[in-house]
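Written below as structure tokens is the structure these notes are about.
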Amino acid sequence: MRRKLTARDIARMKGGRIVAITAYDYPTARIVDEAGIDVVLVGDSLAMVVLGHPSTLQATLDDMVRHTAAVARGVRRAHLVADMPFGSYEPSTSKAVESAVALARAGAEAVKLEGGSEYADRVRAIVNAGIPVMGHLGLTPQRHLRLGGYRPQARRASEARELLREAEDLEQAGIYSLVLEFVSEEAAGLVTRRLSVPTICIGSGRVCDGQILVFHDVVGLSDSPPPFAKRYVNAREVLLGAVKKYIEEVRKGLFPGEEHVVHAKERIEG
Ligand code: KIV
């Protein structure tokens, strides 16, 4: 087995091609880790793709802790990051540190939080407590109410400059990497060129130091995947087919077969 990747290793991959994906449970963690992924994120997208909620606002710290612990049990090599859910870092720096500590105790090797300059003090406090922080700018789903939906960001020059300013503030505060979600490729390029920490993009083009996607979008298990995601397999069809076959075989008396049966060691009367 190759050595476990750390936040330091990821930070050193500036200029490379970091590959990241989400996972929310043990079997998925085993799969993505065995495949050779660099970063596994226990994303708060969990609320939508696994728990069936309408947005990420419903993910709680308890949800994130439980799922981070499950993923941590399955990851051997990848660097493990957990999302700080809505409400777990906004109220105060001490609340932010407490929440990050809970996630680190569950097995996270870094935490990710959404937002820019206004949360730089939270980033600094968490890093000072010894926990690496990944930033997240552009489309920040926890702010979808304020942003007016899930629209692409930083398509104007002034917005790209503002994005860069926020990214530089986060870098100053101590982030070791930065997720850029659904921003123009040109804005992502500007931030990637100007930052010394790696950018990891989702829906932000080809110019970043890495890419991240939601596992359920990659394997075809999402109800409504975003336009920038790529589906590599239609797992829903595969799973649906398997369960339909099981139903059919039970109804036709074909399952269980002889190979699934245990026999008594002696004659049982009655
Ligand atoms: O929660 C999540 O899955 C994320 C990724 C989209 C980066 O934050």
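A short reminder: the numbers here are calculations on the coordinates, not readings from a lab. Keep in mind it's a predicted model, so treat the numbers as computed, not measured. We place every Cβ from the backbone using ideal geometry, glycine too, and count neighbours over all the protein chains shown.
Where does segment 96-246 land on Rg/Rh, using Cα atoms and the Kirkwood Rh?
Details: Rg = 17.3 Å, Rh = 16.6 Å.
In segment 96-246, Rg relative to Rh is 1.04.
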Helix 157-173: angle to the longest alpha-carbon principal axis of the chain, degrees 0 to 90, nearest 10?
-> 80 degrees
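Provide the percentage of antiparallel DSSP beta bridges, counting only those with both residues in the chain; round to the nearest 5. Provide the component values of the computation, followed by the final result.
Numbers: 1 of 31 bridges.
Just about 5 percent of them are antiparallel.
Using 0.36 nm times the number of residues separating GLU249 and ALA35, minus their current alpha carbon distance, what extension gain do you get? It would help to have the intermediate numbers written out before the result.
On the way: separation 214, 0.36 × 214 = 77.04 nm, distance 3.29 nm.
Gain on extension, GLU249 to ALA35, equals 73.8 nm.
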Please work out whether segment 1-143 counts as rounded, prolate or oblate from its C-alpha gyration tensor, where a ≥ b ≥ c are the square roots of the eigenvalues and a/c under 1.5 means rounded, while otherwise a/b larger than b/c means prolate and anything else oblate?
-> oblate
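What order do you get for 149-159, 182-192, 54-64 when each peptide is scored by the mean count of other beta carbon atoms within 10 Å, highest first? List each step's numbers first, then the result.
Working: 149-159: 14.0, 182-192: 22.0, 54-64: 17.8.
Packing order, densest peptide first, comes out as 182-192, 54-64, 149-159.
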Mind giving me the nanometre distance, one decimal, between the label points for ARG165 and ARG12, set 7 Å out from Cα along Cα→Cβ?
-> 3.6 nm
Mind listing the long-range amide H neighbours of GLU109? Cut-off is under 5 Å, sequence gap 5 or more, other chains count too, H placed in the peptide plane at 1.01 Å from N.
-> LEU80, VAL81, ALA82
Rounded FRET efficiency, nearest 0.05, which uses the C-beta distance separating VAL262 from ARG105 and R0 of 51 Å = 0.75
Amide H contacts under 5 Å for PHE255, restricted to residues at least 5 apart in sequence or on another chain and with H modeled in the peptide plane, are VAL250
Stretch LEU145-LEU240 to full length: gain in nm at 0.36 nm per residue minus the Cα-Cα span?
-> 30.7 nm
In nanometres, what is the gap between the two model label sites at ARG66 and ARG194, each 7 Å from Cα along Cα-to-Cβ?
-> 4.2 nm
Once the in-chain neighbours fewer than 8 apart are removed, the aspartates and glutamates whose Cα is under 12 Å from LYS14 read ASP209
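Name the shape class, rounded, prolate or oblate, that the alpha-carbon gyration tensor gives for segment 131-172, where a ≥ b ≥ c are the square roots of its eigenvalues, rounded holds for a/c under 1.5, and otherwise prolate holds if a/b is larger than b/c and oblate otherwise.
Details: a/c = 2.98, a/b = 1.23, b/c = 2.43.
In terms of gyration-tensor shape, oblate.
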Residues of type aspartates and glutamates that LYS4 reaches as a straight line, Cα spacing below 18 Å, ignoring anything fewer than 8 places off in the same chain | ASP33, GLU34, ASP38, GLU109
Measure nothing fancy, just the Cα-based angle from helix 185-194's long axis to the longest principal axis of the chain, in degrees from 0 to 90, nearest 10.
-> 60 degrees
Among all the lysines, which ones have a C-alpha under 24 Å from LYS95's C-alpha, if same-chain residues fewer than 8 places away are not counted?
-> LYS112
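For segment 31-86, what value does the Rg/Rh ratio take when both radii are computed over Cα atoms and Rh is the Kirkwood radius, given to two decimals? All intermediate terms of the calculation are to be shown ahead of the outcome.
Details: Rg = 11.5 Å, Rh = 11.6 Å.
Answer for segment 31-86: 0.99.
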Calculate, axis by axis, the spread of Cα positions in the chain along the three principal axes, and write the results as whole Å, longest axis first.
-> 81, 37, 36
